[in-house]
1. Within the range B:93-106, can one find any residue that is assigned to a helix (DSSP H, G or I), out of contact with any Ser or Thr (no Cβ under 9 Å at 6 or more places or on another chain) and not charged (D, E, K, R)?
2. Is it the case, given these coordinates, that B:SER138 is crowded, with 17+ Cβ neighbours inside 10 Å, more than 8 Å from chain A (Cβ to nearest Cβ), in contact with a Ser or Thr (Cβ under 7 Å, 6 or more places away or on another chain) and closer than 30 Å to A:THR5 by Cβ?
3. Look at the range B:4-28 and say how many of its residues are within 17 Å of B:SER176 (Cβ to Cβ), open to solvent by 50 Å² or more (accessible area, probe 1.4 Å) and touching a Gly at 6+ places or on another chain (Cβ under 9 Å).
4. Between a first residue in the range B:50-72 that is over 17 Å from B:SER122 (Cβ atoms) and a second residue that is polar (S, T, N, Q) and open to solvent by less than 50 Å² (accessible area, probe 1.4 Å), which pairs have beta carbons less than 6 Å apart while being 6 or more apart in sequence or on different chains?
5. Take the conditions away from DNA strand C (no atom under 13 Å from the Cβ), touching a Gly at 6+ places or on another chain (Cβ under 9 Å) and open to solvent by less than 30 Å² (accessible area, probe 1.4 Å) and apply them to B:GLN233. Does it pass?
6. List the number of the failed condition for A:SER211; all other conditions in (1) small (Gly, Ala, Ser); (2) farther than 22 Å from B:GLN241 by Cα; (3) more than 9 Å from DNA strand C (Cβ to nearest atom) hold.
7. Going through A:GLY127, A:GLY152 one at a time, which residue ends up being touching a residue at least 40 places away in the same chain (Cβ under 8 Å) and either away from every other protein chain (no Cβ under 14 Å) or under 18 Å from A:THR33 (Cβ atoms) (or both)?
8. In the range B:117-144, what residues are in a loop (DSSP other than H, G, I, E, B) and among the β-branched types (Val, Ile, Thr)?
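The values are calculated or read from the model by the stated rules, or taken from the named source; none is laboratory data. Because the structure is predicted, anything quoted here is derived from the model rather than measured. Methodologically, a virtual Cβ is constructed for each residue, glycine included, from the backbone with ideal geometry; neighbour enumeration extends over all protein chains shown. SASA here: full protein model, heavy atoms, side chains in, ligands and nucleic acids out. Shrake-Rupley method; radii C 1.70, N 1.55, O 1.52, S 1.80 Å.
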Protein chains: 2
Amino acid sequence: MGSRTQIDGLIDMSLQADGVEGIQQLCSAISETYGFDHFIYGASFPTSLIKPFVLVISGHPDAWRNHYQAHGYLAVDPAVQHCTRSIRPLIWQDLTLDPKIDEKPFTVMEEARQFGLVSGASLSIRGSRGEVGVLSFSSERTAWQTRPEIDGAIPDLYLLSAYVHEAVGRLLTQGSLPFNPPELTTRERECLLWAAEGKTSWEISRILGISERTAIFHLQNAARRLNASSRQQAVALAVSQGLISLQLG
Amino acid sequence: MGSRTQIDGLIDMSLQADGVEGIQQLCSAISETYGFDHFIYGASFPTSLIKPFVLVISGHPDAWRNHYQAHGYLAVDPAVQHCTRSIRPLIWQDLTLDPKIDEKPFTVMEEARQFGLVSGASLSIRGSRGEVGVLSFSSERTAWQTRPEIDGAIPDLYLLSAYVHEAVGRLLTQGSLPFNPPELTTRERECLLWAAEGKTSWEISRILGISERTAIFHLQNAARRLNASSRQQAVALAVSQGLISLQLG
DNA sequence: TGCGCAACTGTAACACCTTACAGTTATAGG
DNA sequence: CCTATAACTGTAAGGTGTTACAGTTGCGCA
């Protein structure tokens, strides 16, 4: 239950994990170390608000994955719901679901049990580029049996979820995944920042000391790089991907 | 070093913490429990990208706070820099700062030592409404003395940083702070979401099955509620505050 | 020297957003 | 019953964004 060598070894492993397989092995190792039977990592990268790039690294039984996807459970999964609304870890047992009011979420957890995901916990993940994710671990044993050890493992698991996600972040910048975050020039970021503040092209040109045409030029280039079809979308993407540096002060 | 009763007590305290004073006491308790002398919590809420609402709850010596603010160290503080770029905890000792290249960050840490912040760690915080924050704990003892216990405390501290931030989130919704996140109607959120996707008023009207004038109407109302002076700014604020639900799939 | 690229500038037509005017319908709460 | 609010619709003038045209300057790199 959290001796120093345990988590240190897993952190080292996370810093070296390479490729999707490396992260799969890392999650497997974490899962085993803390006495779980299954895991799943899922994260959403805001390439688009409507259709984000989603990466799932699954250590779930195939039967459950197929059932889950076929029924569109992602939209009603109470663990996912919790992790998008809160940054606190969730121990599944703590969910208070009324079968009448929360019918669908209740069904998801009920059926998960039948597929061998009896007890478990979900860790909320939020990246520095607007990513929202979940890392869940589950056991085939009952909550009564696993509760004490899950309680004890939560701090370690929460920390490790950050390291797992950072390892995924490295995949992105290395280009191992079909989504590479665009790089903007200084001027493009400056123009986007002021556009996001509601300034017009002319106002931006006065702020930056350039001609109005040049401000328009930079904003167009930024939109092209972001695959945006309008200034509005460019602003939305830049903000959601954290490309516009919001100052801490 | 992390017996169950220790962190459980602090988590309970965080769930009941009320008001800024309650959170100040909570951070103090965490600091003492894990053998630190000072703490500081700082978070930035994206009311505006240029001028966000910033909340600081300080357990730092007044002399250091004044010195820090007078010299504008927030912009060059390497701990703050790290926490805005990464979600991993930072143990100050692990910073590799070259006095020649990283002159200003080096100076910040050097002077911090002279004010009694000798060794410590910073935990990155990211909230579900676009908040970016830092929770730091520091000791007057040297890194050599504190390293083992800091290493051991990191998982607990990282978890507690989430609970501290959630407690701050409760202050916001309770209206105890001079910033209340606006509430949008369903239609306003829908229109904003599609506007953020780069759709024009006419396209949004076709998607939602309403007249173009009505789409414009909802977007104007949304902009008014968000204190935005244009549709661009409304989109930027809605995205940065997480008011537009980006689906996990 | 040549190449790519960031940064810069201008004009013109057309599409789009903003503002201000003036309404209707339905639902929830005092 | 009255008020507030969500949701809905229309017109018109004027400001702003988008696209496509055609350039210049300066820097770093092969």
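1. Looking only at the range B:93-106, we keep the residues that are assigned to a helix (DSSP H, G or I), and these are B:93-94, B:103-106.
Filter again for out of contact with any Ser or Thr (no Cβ under 9 Å at 6 or more places or on another chain), leaving B:94, B:103-106.
When the remaining residues are screened for being not charged (D, E, K, R), the result is B:105-106.
Scanning the range B:93-106 turns up at least one residue that is assigned to a helix (DSSP H, G or I), out of contact with any Ser or Thr (no Cβ under 9 Å at 6 or more places or on another chain) and not charged (D, E, K, R).
2. Details: crowded, with 17+ Cβ neighbours inside 10 Å: yes; more than 8 Å from chain A (Cβ to nearest Cβ): yes; in contact with a Ser or Thr (Cβ under 7 Å, 6 or more places away or on another chain): yes; closer than 30 Å to A:THR5 by Cβ: yes.
For B:SER138, the condition - crowded, with 17+ Cβ neighbours inside 10 Å, more than 8 Å from chain A (Cβ to nearest Cβ), in contact with a Ser or Thr (Cβ under 7 Å, 6 or more places away or on another chain) and closer than 30 Å to A:THR5 by Cβ - is met.
3. Qualifying residue count for the region: 2.
4. These pairs meet every condition: B:PRO52/B:SER44; B:PHE53/B:THR47.
5. Values: away from DNA strand C (no atom under 13 Å from the Cβ): no; touching a Gly at 6+ places or on another chain (Cβ under 9 Å): yes; open to solvent by less than 30 Å² (accessible area, probe 1.4 Å): yes.
Judged against the criteria, B:GLN233 is not a match.
6. (3)
7. On the way: A:GLY127 fails: either away from every other protein chain (no Cβ under 14 Å) or under 18 Å from A:THR33 (Cβ atoms) (or both).
Step by step, each of A:GLY127, A:GLY152 is checked, and only A:GLY152 is touching a residue at least 40 places away in the same chain (Cβ under 8 Å) and either away from every other protein chain (no Cβ under 14 Å) or under 18 Å from A:THR33 (Cβ atoms) (or both).
8. Narrowing the range B:117-144 to residues in a loop (DSSP other than H, G, I, E, B): B:117-118, B:127-131, B:140-142.
Residues satisfying the conditions are B:VAL118, B:THR142.
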